[in-house]
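What follows is a set of notes on a single structure, which appears directly below.
The values are calculated or read from the model by the stated rules, or taken from the named source; none is laboratory data. Being a predicted model, the structure only gives us computed values, none of them experimental. Don't worry about glycine lacking a Cβ; one is built from the backbone with ideal geometry, like all the others, and counts go over all protein chains shown. Note: areas computed on protein heavy atoms with side chains; ligands, DNA, RNA excluded. Shrake-Rupley method; radii C 1.70, N 1.55, O 1.52, S 1.80 Å.
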Amino acid sequence: EAKADGRATWRFFDPRMQQALDASAALEADLRLALIRQQLYLSYQPVVDRSARVTGVEALLRWTHPQRGEIGPAEFIPQAEKSELILELGEWVLEAACLQLVHWAASAPTAHLTMAVNVSARQFRQPGFIDQVLMVLQRTGADPRLLKLELTESMLLTDMDDVIGKMAALRAHGVGFALDDFGTGYSSLRYLKLLPIDQLKIDRSFVQDMLHSRHAASIVRAIVNLAYSLDLAVVAEGVETREQWTALEAIGCTAFQGYLFGRPAPILDADSMVGYASVHA
Ligand code: C2E
Ligand code: MG
Ligand code: MG
Ligand code: MG
């Protein structure tokens, strides 16, 4: 309310700002309920080798909202990251992914499949992260050597000692690490060598552009060469066409993920994940 004494007045109330706040508070409340009411599920996207044989999957979080229908993680993970809700959500994802691993371990053809799980910055930075992962592994009985945690470059930039300590502790149990969306962040080479990672995932944007942009193609080639010189595996993300696949193979890339090999899908039949991906293009 404006005062009549002539001093500058501040408007605290902007209806549009209020609407945005209401919407984000509502989303957070809905998400809390979603955890309890089992509206969340994991979709799994295959990761394949040079012969399109499925070697593992990446778990991708999905939400069936009671009013809004299917909502993707890009819409609700950032909201969950604003509060400690992301810690619970992250643990739920880890547990669901590990339970799937245990299920696969029971039959020989699926027993070797790896499971990649995305970890959010806040989840990784929490002091109890090592225990969170180890406790889920223990509770579920999943083989740590089949679990790969995906981190992004930006979340590794601060407090390197803490980051390296956490990664080393989990690696000692066999857990692997991948750098997701690689090429979009700011990793220096020195720093890449310090981090105990196993794999670089080439960001989808470079793969998408590589056939019509020499610049993008050079970046892909540089990342592949960098991975080899650091003894890291390399996965190309977002492969949608046979032409992209061929170009990536020519550069020396050995692992692939993208709609060409399979879209993320909830697994009803574990056997559908075994063998060779049918190439959809
Ligand atoms: P990401 O980890 O880089 O996952 C790959 C994203 O690319 C997924 O989007 C996937 O559906 C999409 N994708 C895969 N292949 C193709 C392709 O050929 N073409 C195109 N256009 N897209 C493709 P999605 O599932 O919407 O996930 C978006 C991001 O949300 C993920 O990016 C990841 O950063 C985050 N995310 C997903 N699940 C989780 C989770 O459980 N926890 C956390 N913290 N983040 C998650
Ligand atoms: Mg990922
Ligand atoms: Mg990615
Ligand atoms: Mg991403």
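Here are a few things to note about the model shown:
- Matching residues, region 140-162, being of a type in the set (A, V, I, L, M, F, W, C) and at pLDDT below 95: MET155, LEU156, LEU157, MET160
- Exactly one residue out of LEU179, LEU94, LEU87 is under 25 Å from ILE223 (Cα atoms), touching a residue at least 12 places away in the same chain (Cβ under 8 Å) and among the hydrophobic types (A, V, I, L, M, F, W, C), and it is LEU179.
- The condition (being in contact with a helix residue (DSSP H, G or I) (Cβ under 9 Å, 6 or more places away or on another chain), small (Gly, Ala, Ser) and over 28 Å from ALA111 (Cβ atoms)) is satisfied by just one residue among ALA233, ALA222, ALA247: ALA247.
- All told, VAL175 meets the bar of being more than 16 Å from ligand 3 (Cβ to nearest atom) and surrounded by 16 or more Cβ atoms within 10 Å (Cβ to Cβ).
- Considering region 235-248, the residues that are more than 16 Å from ligand 4 (Cβ to nearest atom) and closer than 17 Å to SER218 by Cβ include one that is surrounded by the most Cβ atoms within 10 Å (Cβ to Cβ), namely LEU248.
- Looking across ILE86, ILE71, ILE77, one residue alone is crowded, with 16+ Cβ neighbours inside 10 Å and over 20 Å from ASP180 (Cα atoms). It is ILE71.
- Of the candidates LEU211, LEU200, the single residue that is on the phi < 0 side of the Ramachandran plot, under 17 Å from the mean Cα position of the chain (by Cα) and not in a helix (DSSP H, G or I) is LEU200.
- Of PHE124, PHE129, all but one fail to be within 16 Å of ligand 4 (Cβ to nearest atom), crowded, with 17+ Cβ neighbours inside 10 Å and among the aromatic types (Phe, Trp, Tyr); the exception is PHE124.
- Any hit, region 184-198, residues being within 16 Å of ligand 2 (Cβ to nearest atom), within 16 Å of CYS253 (Cα to Cα), of a type outside the set (Gly, Ala, Ser) and modelled with pLDDT of 95 or more: yes
- Any hit, region 53-72, residues being away from ligand 2 (no atom under 16 Å from the Cβ), within 24 Å of LEU200 (Cα to Cα) and either part of a helix (DSSP H, G or I) or in contact (Cβ under 8 Å) with a residue 24 or more places away in the chain (or both): yes
- Filtered by the rule that a residue be of a type in the set (D, E, K, R) and open to solvent by 50 Å² or more (accessible area, probe 1.4 Å), region 183-234 gives ARG190, LYS193, ASP198, ARG204, ASP209, ARG214, ARG221, ASP231.
- Any hit, region 97-110, residues being away from ligand 1 (no atom under 11 Å from the Cβ) and over 27 Å from ARG53 (Cβ atoms): no
- Looking across region 13-46, the residues that are acidic (Asp, Glu) and in a helix (DSSP H, G or I) come down to ASP22, GLU28, ASP30.
- Residues in region 132-165 that are of a type outside the set (D, E, K, R), within 16 Å of ligand 4 (Cβ to nearest atom) and within 20 Å of CYS98 (Cα to Cα): LEU149, LEU151.
- Look at region 184-207: where a residue is under 17 Å from VAL235 (Cα atoms) and among the basic types (Lys, Arg) and a partner is open to solvent by 30 Å² or more (accessible area, probe 1.4 Å) and within 16 Å of ligand 4 (Cβ to nearest atom), sitting 6+ places away or on another chain with Cβ atoms under 8 Å, you get LYS201/ASP181; ARG204/ASP181.
- Residue in region 95-112 that is open to solvent by 60 Å² or more (accessible area, probe 1.4 Å), closer than 30 Å to CYS253 by Cβ and assigned to a loop (DSSP other than H, G, I, E, B) present: yes
- Selection count where residues are under 19 Å from ARG263 (Cα atoms), assigned to a strand (DSSP E or B) and not β-branched (Val, Ile, Thr), scope region 214-249: 1
- Given (1) farther than 25 Å from GLN257 by Cα; (2) open to solvent by less than 50 Å² (accessible area, probe 1.4 Å), number of the condition ASP159 does not satisfy: (2)
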